[in-house]
Amino acid sequence: MKQNRVIMDYKKFIAGQVESIKREVGGGIAINALSGGVDSAVLTVLAHRALGNQLKTIFVDNAIMREGEPQSVVNAFDDLGIPVELVDARKAFLKALKGLTDPEEKRQAVTQTFYKDVFVKAVKRSKATYLMHGTILTDIEETVAGIKRQHNILAQIGIDPEKAYGYKVLEPLATLRKDGVRQVARLLRLPKSIAERIPFPGPALATRIVGEVTEERLATVRAATAIVEEELKNTGAFQYLAVLLNDCATGIRDGKREFGQIIVVRCIDSVDARQATARELPWKTLHRLTRRITSIPGVNRCLYDLTPKPPATVEYI
Ligand code: XMP
């Protein structure tokens with residue numbers, strides 16, 4: 001009974017948001033950027049339902065995505081009948097991240113490159129005056145509380161996007177948390193690969209590299225991420241990820257001393273990412289992960305992070 005009421009509420013939410021997007025945008029053009037995560041995917045489907053070809057959706061390849069991610073996201077939306085333009089901005093992001101090690105500076109570099117450089121050009125090309133954002137309630141709360149500046153938060157921290165960047169921002173998901181977004185995803189009949197997709201942050205693999213983001217270090221964390229996602233996909237955990245630390249440890253490979261890199265694996269249970277606990281993974285799984293991850297060139301340690309949130313956060317920057 002309660003579940004039915006919840007579903008009805010989300011059905012009403014969808015109808016209400018589709019109407020209000022239509023009303024707000026009118027005959028104009030709106031643009032949104034897909035990150036591949038469930039929030040921006042839901043937003044894209046909702047906005048496409050409201051606006052059809054008045055919506056321009058782009059996917060920015062920022063060089064910090066997972067293995068094969070840009071093309072697989074574009075293909076998944078193509079299957080849904082939603083065209084997505086792939087924008088190759090790898091050089092701009094790598095340049096902006098070069099030499100940065102401070103977590104907030106790295107986040108800022110990604111945000112600034114995205115909004116001030118890449119996105120501005122895409123908005124101009126599209127002639128859009130509305131920007132659709134997949135911001136959810138948790139993003140707003142944590143940014144406002146000063147815990148972490150989420151990539152997609154502008155107005156709530158005093159940035160007027162119309163003045164700063166020349167467009168109005170619409171945030172249809174701003175009252176939902178992650179569990180609500182997934183309910184909406186199911187009701188919108190998004191494929192499981194998207195609706196059940198584990199969260200992935202806007203600043204992407206930059207949040208999982210402690211220290212400088214370089215192409216070489218990206219390749220390492222990308223390889224570890226692919227292994228973790230493959231090994232843990234059937235756990236049903238809220239999120240699982242690999243992090244590259246900015247430290248090295250002595251090890252032995254082929255009988256020789258090696259000062260190698262360290263990967264941390266995280267697998268957490270959570271409802272809405274505000275609090276999280278580490279999953280008690282079987283030793284067999286942990287051993288298999290360790291074996292596979294330490295076969296990545298240059299990596300000779302693999303650690304499992306048991307820290308709950310709080311005091312930790314989910315990501316490392
Ligand atoms: P933290 O690390 O803050 O992460 O505990 C909470 C949840 O949010 C995701 N996350 C982000 N999502 N933009 C996003 O859209 C971001 O800048 C961002 N930073 C973290 C993280 O993956 C986790 O699910």
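Any read-out appearing in this document is the output of simple, stated calculations on the displayed coordinates, not a laboratory observation. Quick caveat, the model's predicted, so the values are computed rather than measured. No Cβ is skipped: glycine too gets one built from the backbone with ideal geometry, and neighbour counts run over all protein chains shown.
Helix 38-51 sits at what angle to the longest principal axis of the chain, using alpha carbons and giving 0 to 90 degrees rounded to 10?
For 38-51 against the chain, the angle is about 20 degrees.
Please arrange R49, R288 by how many other C-beta atoms lie within 10 Å of their C-beta, fewest to most. Write out the running numbers ahead of the final one.
Values: R49 17, R288 13.
Ordered from fewest to most neighbouring Cβ atoms within 10 Å, R49, R288 come out as R288, R49.
Calculate the tail of P(r) for region 1-91: the fraction of all Cα-Cα distances greater than 15 Å, expressed in %.
Working: 2570 of 4095 pairs.
Tail fraction, whole percent: 63.
At a Cα cut-off below 15 Å, give the aspartates and glutamates reachable from K22, other chains included and same-chain residues fewer than 8 away excluded.
Result set, ordered by chain and number: E171.
Rounded to a whole number of µm²/s, how large is the Stokes-Einstein D of the chain at 4 °C and 1.567 mPa s, given Rh as the Kirkwood radius over C-alpha pairs? Before the final figure, lay out each step's value.
Details: Rh = 20.5 Å.
For these conditions, the coefficient is 63 µm²/s.
On C-alpha positions alone, give me the angle between the axis of helix 215-232 and the longest principal axis of the chain, in degrees, nearest 10.
It is inclined by approximately 80 degrees.
Report, largest value first, the span of the C-alpha coordinates of region 209-304 along each principal axis, in whole Å.
Cα spread of region 209-304 along its principal axes, largest to smallest: 44, 30, 18 Å.
Hey, what angle do you get for helix 2-25 against the long axis of the chain, alpha-carbon based, 0 to 90 degrees rounded to 10?
60 degrees
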